[in-house]
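Written out below as C-alpha cells is the structure these notes cover.
Values in this text are rule-based calculations from the coordinates and carry no lab data. Values in this document were obtained by computation on a predicted structure and should not be read as measured data. Quick reminder, even Gly has a Cβ in these numbers, built from the backbone with ideal geometry, and neighbours come from all protein chains shown.
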C-alpha cells in the first residue's frame, strides 16, 4: 500500500493541543505522511502565535494561510470563513493530499471542510457529535455532515454522530488527543518551571509556589455584545478574592475585542495585585500549571475535557459549554459577580476530584494514526436510514 498523505489544518491555539499527539503519531507512522497547514489566529501574535510552539515541537509547516479579518464580530467571522475557503482550496490543490483533517467546531474549520469536500478529498473530522448550544455546535454538526471519517471523543458523541445519519463503520471513539498530553503530565506532575520567567506576560508579579488559580474566559459568539461586561464581572470577583491568578487571553471569536478591552481597561485602572496575564503556553506546561492549581475559572473546554481527566476543580461560567458532557469536577455558575466569587470559594476548599476518563484514557493519537493507515478513504456517502 502506498503512503497516505494526511493534511491537518490548525487554525487556532486550542486546536493544536487538541490534535498534537495525533500529529506526532501520523508523522511517526510508516504508512502515513503528515502535511501540516497552519492558518487563522494560530499565526497571529496577539493570540499567542501558536505556530511558534508547533515548529518548536519539531513539525514542518507546509503552508501558512493568513485569513483572519479584523473586527472580531459576527460579520468578520463570516468573511474570514469565506476567505479561508478560497485560500485553503488553493493549498489543497497544490499539496494534493489523500485526506484532510479538520478539528472540532471553530468557525474557520468549516472553511477547511468545504474546501476539501468540493475537491473530492476525503475529510476526517475530529471531535464531532458534541453539543454546546451556540454557533460552534452548528459548525461542528455541519463538519460532521461534510466529513467522511469521524474520530469522536466519547460514546455519547459517537451515538449522536450516528443519529445524524453517519455510517457506524466510519465513526470511531478514540477519545481526545489532548488527554494523551494530560496522561503524560500525570506521570511528571511537578510544576518544574516559573511561568512568568518562561512566558513573560504582563501584570502583577505573583508566584506559583503557593495556592493559585487559573482563568481562561472566552467570549460567547451568540452573546458577543456582552463580552466586556462578562469578563469584568469575573475580573472583579477574582480581584476581590486576592488569590494569585494566572489569566490567559481569549480566542479570536466574535466578542474577543470586548473581552480583550475589558481585561486591558481593568488592568490599567484597577491594577490588580494578584493577577498575571499570558497570551499562550506550551500544552504540556499549561496542563501542568492546571494540575497544580486550586481550580480553573472561566468557560474553556479545557475545564470540561482535560480537567476532568486531571481531577482539577472547575468553575464554569455561563452558557459556552452548555450541555457538554462533563465529569464531576465542574461547578456551573452564571455571569454574576457574587455567584462567580462563591463558586471559586467553594472549589478552593474542594478536594481534588476523582479523575474521569469520559474523554479518553491517554492513547488517542496512536489509535487515530493506526486507523488512518487502513480505513477506506472515501469521499462519497449517502445518509444511513
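What is the calculated FRET efficiency for residue 380 to residue 261, with r their C-beta to C-beta distance and R₀ = 51 Å, to the nearest 0.05? It comes out at approximately 0.60. Across region 13-127, C-alpha contacts under 8 Å between residues 6 or more apart give a mean separation that, scaled by the residue count, equals a relative contact order of 21 percent.
With kT/(6 pi eta Rh) evaluated at 4 °C and eta = 1.567 mPa s, and Rh the Kirkwood radius from Cα pairs, the chain diffuses with a coefficient of 62 µm²/s according to Stokes-Einstein. Note on region 28-86: Rg/Rh from Cα positions, Kirkwood definition for Rh, rounded to two decimals, is 1.07. Taking springs between alpha-carbon atoms closer than 10 angstrom, which of 97, 30, 189 fluctuates most in the Gaussian network model of the chain? The residue that fluctuates most here is 30. Note on the chain: with a GNM built from Cα contacts shorter than 10 Å, the maximum mean-square fluctuation among 209, 148, 98 falls on 209.
For a modelled paramagnetic label at residue 225, 7 Å from Cα along Cα-to-Cβ, the residues of region 248-289 in reach, with backbone nitrogen under 17 Å, are 254-259.
Stretched out fully, how many nm does the piece from residue 187 to residue 357 gain, at 0.36 nm a residue minus the Cα gap? Present the calculation step by step, with values, prior to reporting the outcome.
Numbers: separation 170, 0.36 × 170 = 61.20 nm, distance 1.59 nm.
The span from residue 187 to residue 357 would gain 59.6 nm if fully extended.
Each label was represented as a point 7 Å from its Cα along the Cα-to-Cβ direction; for residue 28 and residue 270 these points are 4.5 nm apart. Legend: translational diffusion of region 84-193 by Stokes-Einstein, Rh = Kirkwood radius over C-alpha pairs, 4 °C, 1.567 mPa s; D = 87 µm²/s. Distance distribution P(r), region 320-385, all Cα-Cα pairs, bin width 5 angstrom from 0: 3, 11, 13, 13, 14, 12, 10, 8, 7, 8, 3 percent. Note on region 151-269: percent of Cα-Cα distances in each 10 Å bin, starting at 0 and stopping at the bin with the largest distance, equals 11, 27, 27, 25, 10, 1. Across region 3-113 the C-alpha pair distances fall into 10 Å bins from zero in the proportions 15, 50, 30, 5, 0 percent.
Sorting 271, 64 from the fewest to the most surrounding beta carbons within 10 angstrom yields 271, 64. Taking a cut-off of 29 Å, what percent of all Cα-Cα pairs in region 184-348 are separated by more than that? Looking at region 184-348, the distances longer than 29 Å represent 10 percent of pairs. Ranked by how many other Cβ atoms sit within 10 Å of their own Cβ, fewest first, the residues 199, 359 fall in the order 199, 359. Expressed to the nearest 5 percent, the antiparallel share of DSSP beta bridges inside region 184-348 is 10 percent. Take the Cα of residue 52, step 7 Å toward its Cβ, do the same at residue 120, and the gap between the two points is 4.4 nm.
Counted by neighbouring Cβ atoms within 10 Å, the residues 295, 176 run from fewest to most as 295, 176.
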